[in-house]
Structure formats: structure tokens, C-alpha cells
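Below is one structure, written out as C-alpha cells; the observations come after it.
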Amino acid sequence: MRSGQFTWQGQTISFRPGETIAAALAGAGIGDLGRDGAGAGLRYFCGIGACQSCLVRADGRIVEACLTPARDGAVIAALEPLA
Ligand code: FES
């Protein structure tokens, strides 16, 4: 596993080896992961892939941020544009 950087909403986020997208975002002080298609707020919650509350787009694919390893060079975005 490698450390590296990805972008979240255009902001560069660094991560350590083995971190998930959610862990890296939390480490950067980011907890608001945007909104789903129905307007509900998304955030890190269960951490085990059960609640679907941490869905983000990773290189265009919808993934659970709490389960998905951070990848160097990835482009991560909220499902719906952040205000
Ligand atoms: S925080 Fe619950 S699925 Fe990711």
C-alpha cells in the first residue's frame, strides 16, 4: 500500500498507507460528504459499509468512502454538488 494524494472537490488530500477515502477525509477535517439524490446529508457514520451514508464518487464510480482504499491520483467528489 502506498501513501499519496487524491482530490476532494478540487482540494488536495494526503493519505497514509492503508487509509480509506473516509479516513483520509476525516484526517483532513472533512466530515460533510455532500447530499444524496434525495437531498439527505452524507457523512461518515457506521464505518463498516452498512449505512450507505458515506457514498461518494471516486473516479466517476459511486463507492462507500469507509470501505474504499484511498488511491494516489484519484478524483473524489460528492454525489451532488456541495453548496
Ligand atoms: S459510513 Fe456507513 S457505509 Fe460508510
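Every read-out reported here was derived from the displayed coordinates using simple, explicitly stated rules and does not represent laboratory data. Model, not experiment: these values are computed from the prediction. Counting neighbours? That spans all protein chains shown, and the Cβs are built from the backbone with ideal geometry, glycine included.
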Most fluctuating residue given options Ala58, Ala26, Ala70, as computed from a GNM of the chain linking Cα atoms under 10 Å: Ala26
If you plug each phi of the range 9-22 into the Karplus form 6.51 cos²θ - 1.76 cosθ + 1.60 with θ = phi - 60°, what whole-Hz ³J(HN,Hα) values come out, in order, with x for Gly and Pro? 6, x, 9, 6, 10, 8, 9, 9, x, x, 6, 7, 4, 4
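With the Cα gyration tensor of the range 4-77 in hand, give its eigenvalues times 5 under a square root as the equivalent ellipsoid semi-axes, listed largest first in whole angstrom.
Details: eigenvalues 64, 34, 24 Å².
Ellipsoid semi-axes (Å, largest first): 18, 13, 11.
Provide Thr7, Thr12, Thr68 in ascending order of the number of other Cβ atoms located within 10 Å of each residue's Cβ, fewest first. It would help to have the intermediate numbers written out before the result.
Values: Thr7 13, Thr12 9, Thr68 18.
Going from sparsest to densest Cβ surroundings: Thr12, Thr7, Thr68.
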Taking H as built 1.01 Å from N, whose amide H comes closer than 5 Å to the amide H of Thr20, not counting residues under 5 places away? Ala70
With the crude spin-label approximation of a point 7 Å out along Cα→Cβ, what separation in nm comes out for Ala28 versus Arg71? 1.7 nm
If I build a Gaussian network model for the chain, linking alpha-carbon pairs within less than 10 angstrom, which residue out of Ile48, Ile21, Ile13 has the largest mean-square fluctuation? Ile48
What is the extension gain from Arg61 to Gln5, computed as 0.36 nm multiplied by their sequence separation minus the C-alpha to C-alpha distance, in nm to one decimal? 18.4 nm
Dividing the helical contributions, -39500 (n - 2.57) per DSSP H run of n ≥ 4, by the residues of the chain yields a 222 nm value, nearest 500 deg cm²/dmol, of -2000 deg cm²/dmol
